[in-house]
Structures are given as C-alpha cells and as structure tokens.
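> Here's a structure for you.
The values are calculated or read from the model by the stated rules, or taken from the named source; none is laboratory data. Remember, it's a predicted structure, so these values are computed and weren't measured experimentally. Here the Cβ positions follow ideal geometry from the backbone for every residue, glycine too, while neighbour counts run over all protein chains shown. Surface areas here come from the heavy atoms of the whole protein model, side chains and all, with no ligands, DNA or RNA. Shrake-Rupley method; radii C 1.70, N 1.55, O 1.52, S 1.80 Å.
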Amino acid sequence: MSIATRANRLTPYIFMAPAVVVLVFALLYPIGYMIYASFLDWSPSQRIGEAEFIGFRNYINLAGDAAFRESFWVTIKFAAIVVTLEMVIGVGLALLLDRNIKGMSVLRTIFILPMMIAPIVVGLMWRYMYHPTVGIFNRTLKGMGFEEGIPWLSDGTWAFAAVVIADVWQWTPFIFILSLAAMQSLPRSALEAADIDGATEMQKIWMIKLPLMMPVLIVTLLLRLIDAFKVLEVILVLTNGGPGLSTEILALRIFRTAQEFQELGEAAAMSNVLLILLMVLTIGMFIYNKLQEARAAAMRAKANATGS
Amino acid sequence: MPRIRLEGLVKRYGAVQVLHGIDLEMDENEFTVFVGPSGCGKSTTLRMIAGLESVSEGEIYIDEKPVSHLEPKARDLAMVFQDYALYPHMNVARNMSFALRLQRRPKAEIEQKIAAVAETLGLTPFLERKPAELSGGQRQRVAMGRALTRDSSTFLFDEPLSNLDAKLRGQMRAELALMSQRVKKNMIYVTHDQIEAMTLADRIVVMNGGYIQQQGTPEQLFKNPVNKFVAGFLGMPPMNFLDGELTHRDGTMFVSGNGFDVRLTQARSQSLQHVASKEVVLGIRPSDLSHDEKAPEDRSLSLGIVVSEYVGAQTVLLCDCGGQKIEVELKSETPVRAQGNMRFSINPEGIHLFDRQSEIAL
C-alpha cells in the first residue's frame, strides 16, 4: 500500500475527529464520571479525589434499602400503568378521529396541546385542580352532593392515581398523533378490499388496521416506556413523592438522595441502576428494528429470487 | 350472473360533476369493459357499482333491486384492484380466505376452496408467503385468487394489469380471457388499454369526459364508431383523420380536401344527400389502405413517404397528404420506397365520415 492510499484511507477519520472529541467530552466523560462516583463514599463538601473508594458497597446498600426497593417498584408500576392507559386511549382516539369531518384539523391540534406545556406547569396546574377544598374536582364533587371530596394528594392510593391521571393527560396526545399518522399511511385500497370482502368496522380495526400499525405502535410504546421511567417534574410538583413513599419514583429518589441526604455516591449508583433499566429497553428497541429490517430484506430477496 | 343496470348515474365532488348521467344495462354473464382516457369517469363508475363511492344521483340495480344505499358487502361482488390491495400482514392463503373466514365458513371447506383456486392459478407453492415475498405477477394472481375464492356473482376489475410489464400483461390477459370463459359470472373491467378492451370484452363501453360515448360489441365499435372520439380511440395504429369537404359531381358524392379527392359509393351518396354541413372529417384506418400504383385516382390516395417503421410482420408508414399526417399499415413484404410518392387504394368499406363541428359520424 502506497503512502498516498494510506493517507487517503485516513482522511475520513480526520474529518470525524472533532465530532469524536466532542462526543467523548460531552457524553462519555459525564457517564464515566457517574459510574466512577458510584463506587465512592462521596459528600458534596468533598472534592472527588478526596472521596473514599468503597467498591460495590453502594450497590449492596441499595439492594438492602427498603425505601429504594419501594421506589423501584413504584417506578415500574407507574410506567406500566400510564403507558398501558396512554396506548389504549391514544390508539382509541386515533381510530375514532381518523376520518374526514369538518373542523377535524382544529380538533387534532387541540388534542396535542397538553404535550406542548412544560411539565412543571402541568404539575402546578394539576396541583391546583387537585386542591382539597378549592380545586375544581372536589368543588365539582361537592356541587354534586359528595361533601367529603376525594383526598387527592393526601392519601397514598389517591395520590398515585392523581399522578397517573396527570401523566396520561399530558402524554396520551403523543401516542395519539403517532398512531394517527401510522393509520393515515395505511394502504387505503387494502381497507377498501376489506370492505368488499365483508369486514365490519370492528373487524377492520382488529384484523387489518391494528396488525398493520403494529411496528409503529411497538416503537411508540418503547419510546413512551423509556420516558415514563424518567418522569420527575410533574410528580415533584404534585406530591414530592408523598404521602409516604407512595409516589416516589426513582428519579425523585435519586434527586433527594443527592440533594437532601448528600449521598452523591449512592445517588450515582441509583442512576446507574436506572440507566441499565433504560439500556435494556433501548437495546430491545434496537433489536426489534434490526429484526424488522432483516425480515424485509429477506422478503425482498425471496421475491426477486422467484421472479414472475 | 345477475343483470346490472345503471340508471342516470351522476357523481359530484363538491361543485365538480365528473359523471353526467350514465345509463347502461349489463346482461347476465357478460364481460363488460369500460374503456377511456384518464379522468373519463370509468373507475369512478366501477367504484360506485362496488359501493366504494357514494352515488350523487341515479340508481344502480342488481337484478332489479336498487343497491346504491347498500354497503359493499351486501352487494355480492368481488373486486381486483389496480395495486392488488393485498393484506400485507397475511400470507397468500390467509389473503385468499379472508372473506370466507369472515363468513365463518367451515375450516375444511375453506381449505378445499383455497387449494382448488391456488391450483388453477399456480399459486400452490406460495400459499405460506407474505405478499412482500412475491413478484408483481404473483401478487396479481393472488388478487385474482382472492376474488375467485368467493362465490360472488359479479367480478369487478380496476385496471388489474396496468402495473405489470408488457410481456406479463399479455400473458395475464390471455389467462383472464380463459378464466372468463370458464367461470360464468358477470365481469366488469376498467382499463385505459384499448387492446385489453378489444380482446376481453363481450361489450365495450367507451367513456370520455364523464359521458358514455358508445357501447356495443368490439366489432360494432370498431366498424361503426358513432363519433370521432370512439373511432380514434379504438384500433392500433389509430384511425387517420383528414379535413375535407363534401361535393356533388357527376351524379355522385366526393369527399375532397388538400391532396385527395375520393369518390363515395352510390349507396353512401344517397344517405348523405341531406347532410346540412359540407365540412367533414374523413377517417381511414391505417389497415384500410393498401399499396396499388394502378388504382383509379378517385378511389385512392397518393401519399409522400416520410418515415417507415418496421415492426415485424407489419410496416407502418408515416406519410404526408397535402400537409396532413397519415399512417398506413402494410404487410412487411410490400416493397417500400425510401422517398417520393406511393399510391394507396382505399377499402370502400373503410371510409368513415364525421361532421367537423359535432364530430358525429355521418
């Protein structure tokens, strides 16, 4: 190989070098820092170099920490419930609104408004609506004759329901617009063929529309799931994890461990646990995409091989 | 099987009217072909019969029963779409059995039916495949198979061959012709390809601009087109049109124009006696001209050769007749001069005359 060709081969790497440098410093360095920190007994008053290296003790502590286990469980429960509800309502709405009615475009825009509001504002808004005496929900209930009202944010079960409702309100539109887009790109003629074959509207939904939308729905579900595991602001503002630990999701627990308990090492270890959880989901999504591509490629190859 | 009748069928999209009162009767077991250029309303008519488009005015009768308010599934028809419209997530067998499964037919019956249809269409090796794993021709067959597995009395075809390459199209056309002889059903077929129309149809319906121009057997339409549009649309290469005038000389009629002066037969002259306008268009099919240097001048054309196109058994000459373009189709054995004039006699049966204003046949 001559020097010239060797230099030529190097050229692309030289062009990529700045991006790689930025990536290393902006992304990998903080993550590496966090992983390293999770092996330290570190308080904010110390420099990182002064902190004592304690190996896996932070992780071992986590495993034995009932509060952490509780908040891990709350996170899973929260993510599973909100994503299920959002999928059902979002896809259902899309199925209902996928038609040409006058003013539909305005209606669709209104539907996606909640998504555009900052989570902190959503939290504040719902906090006032949930207020035990002056909130709109309890005032309405009172107007209907239920004097007691609902202890929205002061009872563990109700507080969990309250944060679920707020999250569903904000994020259902995300699933709604994605599934509406998927639905509108479905092959119209296949649906017409189903009409002629004698399918009812319900049969068309179950046997044609939903199966064809499945790839988009699965990706949407994974995206939402990843997001739901990281939720923080709305819950922080609404309940701050309480009452008790009933709504203390992982992100909030991490925040409090670092802020209130000043245990930076332990907070880093928790973050890593959450990171691993999210990685599993992301890798799952990646594998799913790869599988889809491989299947499509195999189908094309088969079609070409058999000819006419 | 049923008789299908369209009565004053009108279709409007908002203020735009695309079909202007279609009246048509299709007999039992007839193969009807709607043919016309893009946007003539042929597909819209078919989709209205199928129930995929609403009817703005008029009525569709199947065996004298009005059906325009009925859902597609209540009309007992099967349809083959231009883009095949297969269900991408179902394999071939499930695609073909979809309608039967919806009707909750017994499993054994469904399987037997699928096997039989797959056999006739040569799809047996592909029953487990998804549509994406099939070539264009195979997908076309599956679409056909899906229609065939149902016992509907009427088949609708919406340009089913237009996505295939030329060779495959010819092959599928022949198979369709064979199928239409075997299964005794009503077939309504939409195409813009006049060759498909001519080869497949019992009855051709030529449409243009949302109106039926003419309907009848392929032969009727080819021999006696009612207007210039139909004459020019059917036949390949298309009919030649020369502007001319009717004149009365020597006790008979002549049609004459720039570069030609053709005597009409006695019978023809008689029938043209009372035509008001003398301004006409002379129509002659390229195949109604034959090379004959000794032909009498008033029964022939002398044409200047511009280009000769050899297409195998035939040669098509592009000629000039007093400044107007005219095509001649000859057997390839005929010696053709590269340049200069040749004389072509006109088949007296092949003279078509149209009013220049109304374009209606005289």
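> Would you be able to say whether some residue in the range A:163-182 is under 15 Å from A:Asp98 (Cβ atoms) and within 13 Å of chain B (Cβ to nearest Cβ)?
no
> Kindly provide the set of residues from the range B:260-300 that are at pLDDT 85 or above, hydrophobic (A, V, I, L, M, F, W, C) and farther than 21 Å from B:Lys223 by Cβ, ordered by number.
Answer for the range B:260-300, where residues must be at pLDDT 85 or above, hydrophobic (A, V, I, L, M, F, W, C) and farther than 21 Å from B:Lys223 by Cβ: B:Phe260, B:Ala295.
> Is it the case that some residue within the range B:101-114 is of a type in the set (Asp, Glu), outside any strand (DSSP E or B) and either exposed (fewer than 13 other Cβ atoms within 10 Å of the Cβ) or away from chain A (no Cβ under 14 Å) (or both)?
Among the residues of the range B:101-114, at least one is of a type in the set (Asp, Glu), outside any strand (DSSP E or B) and either exposed (fewer than 13 other Cβ atoms within 10 Å of the Cβ) or away from chain A (no Cβ under 14 Å) (or both), which makes the answer yes.
> Can you list the helices (runs of 4 or more DSSP H) lying wholly within the range A:106-209 that have 2 or more residues being open to solvent by less than 60 Å² (accessible area, probe 1.4 Å) and not polar (S, T, N, Q)?
Filter on the range A:106-209 gives A:113-116, A:119-130, A:156-184, A:188-197.
> Would you point out the residue of the range B:85-100, among those that are open to solvent by 10 Å² or more (accessible area, probe 1.4 Å) and facing chain A (nearest Cβ under 8 Å), that is nearest to B:Gly51 (Cα to Cα)?
Per the criteria, the residue is B:Leu86.
The rows are residues; the columns are (1) over 19 Å from B:Phe81 (Cβ atoms); (2) of a type in the set (Gly, Ala, Ser); (3) in the same structural domain as B:Ile62 (by TED's automatic domain parsing); (4) assigned to a loop (DSSP other than H, G, I, E, B).
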{"residue": "B:Gln138", "(1), (2), (3), (4)": "no, no, yes, no"}
{"residue": "B:Val142", "(1), (2), (3), (4)": "no, no, yes, no"}
{"residue": "B:Gly145", "(1), (2), (3), (4)": "no, yes, yes, no"}
{"residue": "B:Leu148", "(1), (2), (3), (4)": "no, no, yes, no"}
{"residue": "B:Asp151", "(1), (2), (3), (4)": "yes, no, yes, yes"}
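> Another question, then. Is the range B:134-142 home to any residue that is more than 8 Å from chain A (Cβ to nearest Cβ), of a type in the set (S, T, N, Q) and more than 32 Å from the chain's Cα centre (by Cα)?
There is no residue in the range B:134-142 that is more than 8 Å from chain A (Cβ to nearest Cβ), of a type in the set (S, T, N, Q) and more than 32 Å from the chain's Cα centre (by Cα).
> Would you mind telling me which numbered condition in (1) outside the structural domain of B:Glu196 (by TED's automatic domain parsing); (2) under 24 Å from the mean Cα position of the chain (by Cα) B:Glu245 fails?
(2)
> Is it true that some residue in the range B:59-75 is more than 10 Å from every other protein chain (Cβ to nearest Cβ), of a type in the set (Gly, Ala, Ser) and either open to solvent by 60 Å² or more (accessible area, probe 1.4 Å) or in contact with an Asp or Glu (Cβ under 6 Å, 6 or more places away or on another chain) (or both)?
The answer is yes; a qualifying residue exists.
> Report, by residue number, each residue of the range A:78-105 that is of a type outside the set (Ser, Thr, Tyr), open to solvent by 70 Å² or more (accessible area, probe 1.4 Å) and either part of a helix (DSSP H, G or I) or within 30 Å of A:Asp41 (Cα to Cα) (or both).
Those that are of a type outside the set (Ser, Thr, Tyr), open to solvent by 70 Å² or more (accessible area, probe 1.4 Å) and either part of a helix (DSSP H, G or I) or within 30 Å of A:Asp41 (Cα to Cα) (or both): A:Leu85, A:Val88, A:Ile89, A:Leu96.
> Return the pairs, sorted by first residue and then second, in which the second residue is modelled with pLDDT of 90 or more and of a type in the set (D, E, K, R), the first residue lies in the range A:189-210 and is more than 16 Å from B:Gln82 (Cβ to Cβ), the beta carbons are less than 7 Å apart, and the residues are 6+ apart or on different chains.
Hits for this filter: A:Ala194/A:Lys204.
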